1. So how many residues does segment A:55-69 have that are surrounded by 14 or more Cβ atoms within 10 Å (Cβ to Cβ), of a type in the set (A, V, I, L, M) and either more than 9 Å from every other protein chain (Cβ to nearest Cβ) or in contact with a Pro (Cβ under 7 Å, 6 or more places away or on another chain) (or both)?
2. Is at least one residue of segment B:119-130 outside any loop (DSSP other than H, G, I, E, B) and either more than 27 Å from B:Val61 (Cβ to Cβ) or open to solvent by 40 Å² or more (accessible area, probe 1.4 Å) (or both)?
3. Working carefully through the options B:Gly131, B:Gly50, find the one that is on the phi > 0 side of the Ramachandran plot, touching a residue at least 24 places away in the same chain (Cβ under 8 Å) and not hydrophobic (A, V, I, L, M, F, W, C).
4. Out of all the residues in segment B:153-191, which are among the basic types (Lys, Arg) and closer than 17 Å to B:Gly94 by Cα?
5. Of the residues in segment A:18-37, how many are within 9 Å of the chain's Cα centre (by Cα) and farther than 15 Å from B:Pro20 by Cβ?
6. Within segment A:27-41, count every residue that is open to solvent by 50 Å² or more (accessible area, probe 1.4 Å), within 13 Å of chain B (Cβ to nearest Cβ) and outside any helix (DSSP H, G or I).
7. Sort out which residues of segment B:37-58 are open to solvent by 10 Å² or more (accessible area, probe 1.4 Å) and within 14 Å of chain A (Cβ to nearest Cβ), and write them in order of number.
8. Report the residue count in segment B:1-23 for those that are crowded, with 24+ Cβ neighbours inside 10 Å and more than 7 Å from chain A (Cβ to nearest Cβ).
Amino acid sequence: MISSFERHGAMEKKKPVVLVNERYCKGCHICVEFCPTSVFEMRGFTAVVKNPEACIACMQCELRCPDFAVTVSQ
Amino acid sequence: MGFDYGKYIRPGKLPHIWCPGCGHGIVMKGLIRAIDSVGFSKDMTSIVSGIGCASRLPGYVDFCTLHTTHGRGVAFATGIKMAKPEMNVICVGGDGDGVAIGGNHFIHACRRNIDITYLIMNNNIYGMTGGQFSPTTPTGAKASTTPYGNPDPPFDIAKLAIGAGATFVARGTAFHAAQIDKLLAEAMRHKGFSVVEILDSCPTTYGRRNKYKSVIEMMNHLKDVAVPLSAAEKMTAEQLRGKVITGVLYKENKPEYASEYRKLVERVQAG
């Protein structure tokens, strides 16, 4: 049986970190539209991470961002 | 977890000049992933381009790069391959650069079957110069020089390449981003002239003149028109109307020009 501490630790390890480089982002909406779990939203002319907990690390945003602005890491 | 593009990008060159939503950035990522997967070293890879939006690509990537005159990317790439056959030569460019201004260089490079990978980012327009129609602008589409609709039928770049003698021809789209690196990697491994056409989107000069409301609509259009080769084989001509077949469309093995030329030199020198 897994203790709650271990389970928590395992979850923490897997949690993806989504970052948007605001200097590179040109606000094309691609990440906002193609994210299946609505992690991003537009704020002014750039995309921002609104809902980081929802990220399932499908990597669609990093794959599709034409501006090298979105990175997903663990 | 994600791919580290940073090691292949020249420091301080980003953000790039491409417009918001331009697919060229997606294709450039695919090219970087492909080179990484094939394992070409930076010193032994030469990326050559002509002029245009797509041809700005070599400025951002940290390889041996050459930015040449309009349409002449393939001609310069041929020179590099002939002088240094051990180099991995990749030529990049747009549709106007590749099949209009450089159309002659393109067909003759196909004919010779020289070992170059030619990546054509086809966005159906001359984006950089203000949206003039190109040879791949669809019939009826509006451009700055065809305000009442384009009367010309477009080129099918893949068929042109096959007809001219290219030995590897593939097509993908900027929407199918994960496929781009696979097509390019296969093209780079192929010994001979490989043409990879990636259908791209130009929201600024093509999309807004042709009733695409957003970048997303253009991306979804690419998604809708693309049909993989395996699916297309089961479809009728009627079902395929207006669709674009993607995947590796043609592949054959033929003698490669640079190595054949070297053999000729050795034969003549031996007397």
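The values are calculated or read from the model by the stated rules, or taken from the named source; none is laboratory data. As the structure is a prediction and not an experimental result, all values here were calculated from the model. Note: ideal-geometry Cβ built from the backbone for every residue, glycine included; neighbour counts use all protein chains shown. Heavy atoms of the whole protein, side chains included, go into the accessibility calculation; ligands, DNA and RNA do not. Shrake-Rupley method; radii C 1.70, N 1.55, O 1.52, S 1.80 Å.
1. Applying the first criterion (surrounded by 14 or more Cβ atoms within 10 Å (Cβ to Cβ)) to segment A:55-69 yields A:55, A:57-69.
Add one more test, that the residue is of a type in the set (A, V, I, L, M), and what stays is A:57, A:59, A:63, A:69.
Checking which are either more than 9 Å from every other protein chain (Cβ to nearest Cβ) or in contact with a Pro (Cβ under 7 Å, 6 or more places away or on another chain) (or both) leaves us with A:57.
Qualifying residue count, segment A:55-69: 1.
2. First pass over segment B:119-130, keeping only residues outside any loop (DSSP other than H, G, I, E, B): B:119-122, B:125-126.
Going one step further and asking which of them are either more than 27 Å from B:Val61 (Cβ to Cβ) or open to solvent by 40 Å² or more (accessible area, probe 1.4 Å) (or both), we end up with B:126.
Yes, segment B:119-130 has at least one match.
3. On the way: B:Gly50 fails: on the phi > 0 side of the Ramachandran plot.
Sole residue among the options that is on the phi > 0 side of the Ramachandran plot, touching a residue at least 24 places away in the same chain (Cβ under 8 Å) and not hydrophobic (A, V, I, L, M, F, W, C): B:Gly131.
4. Keep residues of segment B:153-191 that are among the basic types (Lys, Arg), which gives B:159, B:171, B:182, B:189, B:191.
Of everything in segment B:153-191, those that are among the basic types (Lys, Arg) and closer than 17 Å to B:Gly94 by Cα turn out to be B:Lys159, B:Arg171.
5. Adding up the residues that qualify gives 3.
6. Going residue by residue through segment A:27-41, those that are open to solvent by 50 Å² or more (accessible area, probe 1.4 Å) are A:29, A:33, A:36, A:38, A:41.
Among the residues that remain, those that are also within 13 Å of chain B (Cβ to nearest Cβ) are: A:29, A:33.
Retained after the next criterion (residues that are outside any helix (DSSP H, G or I)): A:29.
Residues flagged as open to solvent by 50 Å² or more (accessible area, probe 1.4 Å), within 13 Å of chain B (Cβ to nearest Cβ) and outside any helix (DSSP H, G or I) within segment A:27-41 amount to 1.
7. The first filter runs over segment B:37-58 and keeps only residues open to solvent by 10 Å² or more (accessible area, probe 1.4 Å), leaving B:37-44, B:51-53, B:56.
Matches in segment B:37-58: B:Cys53, B:Arg56.
8. Result for segment B:1-23: 0.
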